[in-house]
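Any read-out appearing in this document is the output of simple, stated calculations on the displayed coordinates, not a laboratory observation. Values in this document were obtained by computation on a predicted structure and should not be read as measured data. Please note: Cβ atoms are built from the backbone with ideal geometry, for glycine as well, and neighbour counts cover all protein chains shown.
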Amino acid sequence: MNDLGFVAGLACFALATMLGVTGVAATARRGQAPDFQVRLFLAAMAIRFAASLAIYVFGLIDVVLDEDASGWHAGVWLYQGWLHERVGLLDLPFVLARVLDHPFGNLGYGYLLGTLFWVTDAPARLPAAVLNNLFGACTVVLAYRIAATLFSPWVARRVGFWACVLPSLVVWSAQTLKEPVVIFLETAAIR
């Protein structure tokens, strides 16, 4: 389990959950059930983390296959390069700006994971999956908020529930793919 980063994944899960709850509570509008949004976020995080454990720790990766490894490998490769370069905290913004030097490649997710690995010193699959769990759970809350703005509270709660448990959203945000980040950004743009 060391190459999966089980312990680091648990620590990242706890930290991401605390940050997410703080962010959801701080940005919730009073009229849109802030307590419900926090519970929705917690449920979404728990479901996505359980799916990540099933995939990476309990062997479901043999069924899903490892097509999601390219982004994770890019993050590990960048992290190792930054260690070799002895990148410090003040150097990090300049190193991250290198992503703009690659006009024909989509390297943003690799740089995001490389940054996560650099900050946590845990270049493993489970911490990367937890980052996607966070983006996926935040997407659920944003879907609820969009529905609460446009429709009744009854509709908004159902949208939140279904976005929380929708299998495709859970599976996407349980793996180390770039799509949960993209879906989050698209949803945030709608909001």
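Below are the figures for this structure:
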read-out	value
Helices (runs of 4 or more DSSP H) (entirely within segment 132-191) containing at least 1 residues that are among the polar types (S, T, N, Q)	167-172, 179-190
Search result, residues across segment 152-167 that are loosely packed, with under 14 Cβ neighbours inside 10 Å and among the β-branched types (V, I, T)	V155, V165
Selection status of D91, among the charged types (D, E, K, R), surrounded by fewer than 15 Cβ atoms within 10 Å (Cβ to Cβ) and under 20 Å from C12 (Cα atoms)	no
Looking only at segment 110-151, and only at residues there that are touching a helix residue (DSSP H, G or I) at 6+ places or on another chain (Cβ under 7 Å) and among the charged types (D, E, K, R), the one that is surrounded by the fewest Cβ atoms within 10 Å (Cβ to Cβ)	R145
Helices (runs of 4 or more DSSP H) lying entirely in segment 48-111 (those with 1 or more residues that are closer than 19 Å to P123 by Cα and touching a residue at least 60 places away in the same chain (Cβ under 8 Å))	69-85
Every pair of residues 6+ apart whose Cβ atoms lie under 7 Å, when the first sits in segment 152-181 and is in contact (Cβ under 8 Å) with a residue 60 or more places away in the chain while the second is basic (K, R)	V170/R48; S173/R48; A174/R48; T176/R125
Subset of segment 62-82 [within 18 Å of the chain's Cα centre (by Cα) and aliphatic (A, V, I, L, M)]	A69, A74, V76
